[in-house]
1. Which residue, of 53, 99, 45, is under 17 Å from residue 6 (Cα atoms) and outside any loop (DSSP other than H, G, I, E, B)?
2. Among the numbered criteria (1) out of contact with any helix residue (DSSP H, G or I) (no Cβ under 9 Å at 6 or more places or on another chain); (2) crowded, with 20+ Cβ neighbours inside 10 Å; (3) not in a helix (DSSP H, G or I), which one does residue 71 miss?
3. Taking residue 66, is it under 20 Å from residue 15 (Cβ atoms) and in a helix (DSSP H, G or I)?
4. Within segment 56-65, take every residue that is buried (at least 17 other Cβ atoms within 10 Å of the Cβ) and farther than 13 Å from residue 3 by Cα and give me the one that is modelled with the lowest pLDDT.
5. With the requirement that a residue be in contact (Cβ under 8 Å) with a residue 24 or more places away in the chain and either in a loop (DSSP other than H, G, I, E, B) or touching a helix residue (DSSP H, G or I) at 6+ places or on another chain (Cβ under 6 Å) (or both), what does segment 27-42 give you?
6. Identify all residues within segment 1-26 that are surrounded by 13 or more Cβ atoms within 10 Å (Cβ to Cβ) and in a strand (DSSP E or B); write none if there are none.
7. Looking at segment 74-83, which of the residues that are surrounded by 12 or more Cβ atoms within 10 Å (Cβ to Cβ) and under 18 Å from residue 53 (Cα atoms) is farthest from the chain's Cα centre (by Cα)?
8. Just need a number here: residues in segment 88-109 that are over 12 Å from the mean Cα position of the chain (by Cα), surrounded by fewer than 16 Cβ atoms within 10 Å (Cβ to Cβ) and closer than 14 Å to residue 22 by Cβ.
């Protein structure tokens, strides 16, 4: 299973904004049970969509400024960005079907 790289404010620009691919950002906190439940499911999808939709994590305890920048109010929240702009937002109880549907909508031309 793929391990999802954790981004910080230091490398967010290069990874999420200056890329030819859309990217998914998972905003989480290590002590959040729903976040821990989402993690293996998101890792499976990251593996399935490798090369088409990179998936990254943002730890809100370490980088609350990044969460504030995107208006993240609750966790887990998954944002999908294209050209640095939000095109999809999923939060709260995120199902596998919702994630897959959002990923599919994003990678279609």
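1. Working: 53 fails: outside any loop (DSSP other than H, G, I, E, B); 99 fails: under 17 Å from residue 6 (Cα atoms).
After applying the criteria, what remains is 45.
2. Unmet for residue 71, out of (1) out of contact with any helix residue (DSSP H, G or I) (no Cβ under 9 Å at 6 or more places or on another chain); (2) crowded, with 20+ Cβ neighbours inside 10 Å; (3) not in a helix (DSSP H, G or I): (2).
3. Answer is yes for this residue.
4. Kept after step one, since they are buried (at least 17 other Cβ atoms within 10 Å of the Cβ), are these residues of segment 56-65: 56-60, 63.
Narrowing the set further to residues that are farther than 13 Å from residue 3 by Cα leaves 58-60, 63.
Working: 58: 96, 59: 96, 60: 95, 63: 91.
For segment 56-65, the residue satisfying everything is 63.
5. Once the filter is applied, which keeps residues that are in contact (Cβ under 8 Å) with a residue 24 or more places away in the chain and either in a loop (DSSP other than H, G, I, E, B) or touching a helix residue (DSSP H, G or I) at 6+ places or on another chain (Cβ under 6 Å) (or both), segment 27-42 yields 27, 28, 29, 30, 32, 41.
6. 6, 7, 23, 24, 25, 26
7. Residue satisfying both the conditions and the ranking: 82.
8. Number of matching residues: 5.
The values are calculated or read from the model by the stated rules, or taken from the named source; none is laboratory data. Remember, it's a predicted structure, so these values are computed and weren't measured experimentally. A quick note on method: Cβ atoms are made from the backbone with ideal geometry, for glycine too, and the neighbour counts reach across all protein chains shown.
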